1. Given the condition of a type outside the set (Asp, Glu), in a loop (DSSP other than H, G, I, E, B) and farther than 21 Å from Gly122 by Cβ, answer yes or no: does some residue in segment 85-96 qualify?
2. Considering only segment 48-72, state which residues are within 20 Å of Ala93 (Cβ to Cβ) and part of a loop (DSSP other than H, G, I, E, B).
3. Out of segment 242-268, which residues are of a type in the set (D, E, K, R) and either crowded, with 21+ Cβ neighbours inside 10 Å or not in a helix (DSSP H, G or I) (or both)?
4. Please state which one of Leu213, Leu250 is closer than 22 Å to Ala278 by Cα and touching a residue at least 40 places away in the same chain (Cβ under 8 Å).
5. Out of Lys283, Lys272, report the one residue that is surrounded by fewer than 16 Cβ atoms within 10 Å (Cβ to Cβ) and part of a helix (DSSP H, G or I).
6. Out of Ala150, Ala157, Ala109, which single residue is out of contact with any Cys (no Cβ under 8 Å at 6 or more places or on another chain) and at pLDDT 95 or above?
7. Any idea which residue in segment 18-47 is nearest to Asp87 (Cα to Cα), counting only those that are under 23 Å from the mean Cα position of the chain (by Cα) and either part of a loop (DSSP other than H, G, I, E, B) or among the basic types (Lys, Arg) (or both)?
8. Out of the residues in segment 115-154 meeting the condition of being under 20 Å from the mean Cα position of the chain (by Cα), charged (D, E, K, R) and in a loop (DSSP other than H, G, I, E, B), tell me which one is surrounded by the fewest Cβ atoms within 10 Å (Cβ to Cβ).
Amino acid sequence: MSRRKRVLELVESKGLDAVIVLSQSNIYYLTSSDAPSAAVLLRDGKLVALASRLEYLRALEEVGEGEVYAYAKFFEPSEYEKIIAGDLHDALASLLKQEDARSLGVVGASLEARQKLSEKLGRELVDITKEFAMLRRSKDPEELRLMKQAVAIAEEAMRAAVDSLERGVTEVEVLTRVLSVIARRGALPSFTPIIAFGEHSAHPHAKPSARELREGDLVKLDLGAKVGGYCSDITRTFVYGAPSSKQERLFKAVLKAQQRALEAVARGVQAKQVFFKAYDALKEEGLHMYFNHGLGHGVGIDIHEAPALNSESDEVLVDNDVVTVEPGVYLAGYGGVRIEDMVLVVEGGYEELTRFAKDPVI
C-alpha cells in the first residue's frame with residue numbers, strides 16, 4: 001500500500017474531509033518532496049502542495065501525482081507558476097474553501113500554529129499527528145529498500161574510515177573520507193559524522209577536530225547515509241593498536257549490553273523494557289553510571305524519530321519499526337565506547353540491518 005493510500009485511510013477513519021500536513025519530514029512522507037510548506041490531502045484522494053515561490057519549481061518537479069501552487073503577497077507570475085495570493089495561511093484558507101472541505105485534520109503543527117490556522121479557517125482542527133507518526137513508524141517494502149541501500153553505503157563509508165586510520169591522521173581527514181564515499185555513491189549524509197579519537201570519544205556527540213590519531217586511542221565512528229529521503233545510522237568503536245585491559249572491559253560490557261537489549265526486541269514490547277535490559281547489563285559490570293543517553297531511536301525520513309528507546313518511553317514496538325540499539329559508556333578525559341546497530345522489528349524478534357564487524361581491533 002502506498003504512503004498516500006495509508007494517509008487517505010487515516011483521513012477516512014477519522015471522518016475528515018481533508019488533512020493539512022505540515023513540517024518537512026511529514027510533507028516528504030506524503031509528497032516525496034520537502035520543498036512544499038504544506039500539503040493537503042482531500043478525502044477524494046486529491047493531493048495539493050503549497051510552496052513558496054522560492055521553492056515552487058523544485059516542488060513542481062518533485063511532487064508526484066497532485067497539484068502544486070505557490071503562495072505570494074506580491075508577484076507577477078511567470079508562465080509556469082500557479083499562484084494563490086497571500087501567505088501560507090491565506091493560501092490554505094482559499095484552497096479549502098474552494099474544495100468545500102469542512103472537517104479538517106492537521107499534522108505537525110505546534111499549538112500556536114494550530115490556533116492561528118484555526119482562526120484563519122474559522123473552524124476547529126483535529127490534531128492527528130500521533131496517528132500520522134504511527135503510519136510513519138511501520139515501514140513499507142519501498143521504504144525498507146531505500147533504507148537497506150542507505151545501510152550498504154554507510155557500511156562502505158565505515159570501511160573507508162577504518163582503512164584510513166593511521167598514526168597522525170586527523171578526525172577531520174577521516175570525516176572527509178567518509179563524506180567522499182557517501183557522495184560518490186550518490187547519497188547524502190544522514191547527519192554530520194562523528195569521528196572521535198582518544199579522550200574526544202567520551203563526548204557522545206563529539207565534533208570532528210584537528211586532533212591526530214595516536215597509538216592506543218579509542219576511535220569512535222558514528223555515521224549514516226541518506227538515500228531517497230531515508231536514513232541509516234551505525235556506530236563502531238575501535239582501538240588503534242593493541243587494546244588495554246581497561247579498553248577490553250569497556251568493549252565487552254557494551255557488547256553485552258547491546259546483546260541483552262537486542263534479545264528483548266520484539267513486537268509488543270515496551271521500548272523502556274529494552275532500555276533497561278542494556279542498563280541492567282551495564283550495572284552488572286559497574287558501568288551504568290557512565291551510560292548517559294537513551295538506548296536508541298526510530299529511523300526513517302528523520303534520523304531521530306519515534307519510537308524512543310529510553311527509560312521513560314511507554315511506546316510499544318510494532319511490526320516494521322526500524323530502530324537503533326546503541327548502548328555506550330563514556331569516561332571523561334579517557335574515552336568512550338558505543339556500538340550501534342539498526343534493526344527491523346519483525347514477528348518473533350528482529351532482523352539485523354547493519355552487519356559491520358564489531359571487532360575492536362583494527
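1. no
2. Correct list: Gly66 only.
3. Hit for segment 242-268 is Arg267, nothing else.
4. Every option except Leu250 fails the conditions.
5. Lys283
6. Selected residue: Ala157, the only one of Ala150, Ala157, Ala109 that is out of contact with any Cys (no Cβ under 8 Å at 6 or more places or on another chain) and at pLDDT 95 or above.
7. Going through the qualifying residues, I end up with Ser37.
8. In this case the residue turns out to be Asp140.
The values are calculated or read from the model by the stated rules, or taken from the named source; none is laboratory data. As the structure is a computational prediction, the values presented were derived from the model and not from experiment. Ideal geometry is used to build each Cβ from the backbone, glycine not excepted, and the neighbour counts take in all protein chains shown.
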